[in-house]
Amino acid sequence: MNFHAIRSIYIFEMARTWRTLLQSVVSPVISTALYFVVFGAAIGSHMAAIDGISYGAFIVPGLTMLSLLTQSIANASFAIYFPRFVGTIYEVLSAPVSVWEIVMGYVGAAATKSVILGLIILATAAFFVPLRIDHPVWMLTFLVLTAVTFSLFGFLIGIWADNFEKLQVIPLLVVTPLTFLGGSFYSIDMLPPFWRTVTLFNPVVYLVSGFRWSFYGVSDVGIEISLAMTLVFLACCLTLVYWIFRTGYRLKS
């Protein structure tokens with residue numbers, strides 16, 4: 001294992017975060033804080049509790065997950081797309097570095113940024129809504145697993161995209177709607193039976209449900225199912241990444 005190569009890629013990507021601090025950290029934190037103010041403190045105070053949890057506190061895991069997913073994808077997709085765009089990716093591909101070492105460097109940095117951002121958002125939420133974490137170990141587990149999984153997904157998008165517009169297509173038109181419809185602002189048990197069944201085909205439901213369980217001990221689906229679905233998606237992303245580097249898809253042409 002070439003740890004020097006992993007460390008070099010990782011440090012380079014992390015350094016980019018500090019150069020774009022307003023865009024990478026401050027902007028998503030402020031945007032999410034506005035959700036806490038509007039939906040949590042203002043509207044939430046006039047809404048009934050869900051499963052014994054105030055509405056403002058109930059939406060914290062969903063909003064955190066929304067930021068986590070979008071930022072993980074954005075960080076990883078840009079990190080691999082830009083070297084392709086300027087042609088420096090060939091320096092990495094020609095270096096004595098394995099597939100997994102490249103992935104660990106890029107994805108590790110993207111996931112680290114997302115985890116830090118998620119923790120900052122949770123700390124910010126505590127100023128606006130009553131927040132508690134019943135299972136902190138599981139909270140961190142879901143936070144890290146989700147960040148790594150969607151950083152890998154973003155890595156795939158960055159390889160697939162052939163222009164800057166395509167980098168935004170899937171996050172804006174697919175991931176964000178799925179997150180809003182995945183129980184971020186409500187419990188899927190509140191839906192009619194038909195729509196509840198339809199919602200169970202939304203993979204984000206399992207991420208939000210498992211993450212919310214780590215806070216309050218309540219969930220829309222079993223914690224075991226949430227964890228299993230997250231690991232399945234992670235395995236699928238790893239398989240696709242391996243196939244891309246093995247075939248050279250969008251990398252060697």
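The values are calculated or read from the model by the stated rules, or taken from the named source; none is laboratory data. Treat the numbers as computed from the prediction; the structure is a model and nothing was measured. Backbone-built Cβ (ideal geometry, glycine too); neighbour counts: all protein chains shown.
Looking only at residues of the stretch 183-216 that are among the hydroxyl-bearing types (S, T, Y) and in a helix (DSSP H, G or I), we find that the one that is farthest from A147 (Cα to Cα) is T197.
Could you please find all residues in the stretch 110-134 being in contact (Cβ under 8 Å) with a residue 24 or more places away in the chain, out of contact with any Ser or Thr (no Cβ under 8 Å at 6 or more places or on another chain) and either part of a helix (DSSP H, G or I) or of a type in the set (K, R) (or both)? Within the stretch 110-134, T112, V115, I116, L119, I120, R132 qualify.
In the stretch 1-18, the residues that are in a helix (DSSP H, G or I) form Cβ pairs under 7 Å with partners that are of a type in the set (S, T, Y), at six or more places apart or across chains, as follows: I9/Y106; E13/Y106; M14/T112; T17/S24. Counting the residues of the stretch 160-182 that are crowded, with 16+ Cβ neighbours inside 10 Å, in a helix (DSSP H, G or I) and over 18 Å from the mean Cα position of the chain (by Cα) gives 1. Cβ-Cβ distances below 9 Å connect the following pairs, each with a first residue in the stretch 47-62 that is part of a helix (DSSP H, G or I) and surrounded by fewer than 20 Cβ atoms within 10 Å (Cβ to Cβ), a second residue that is at pLDDT below 80 and hydroxyl-bearing (S, T, Y), and a separation of six or more residues or different chains: Y55/S45.
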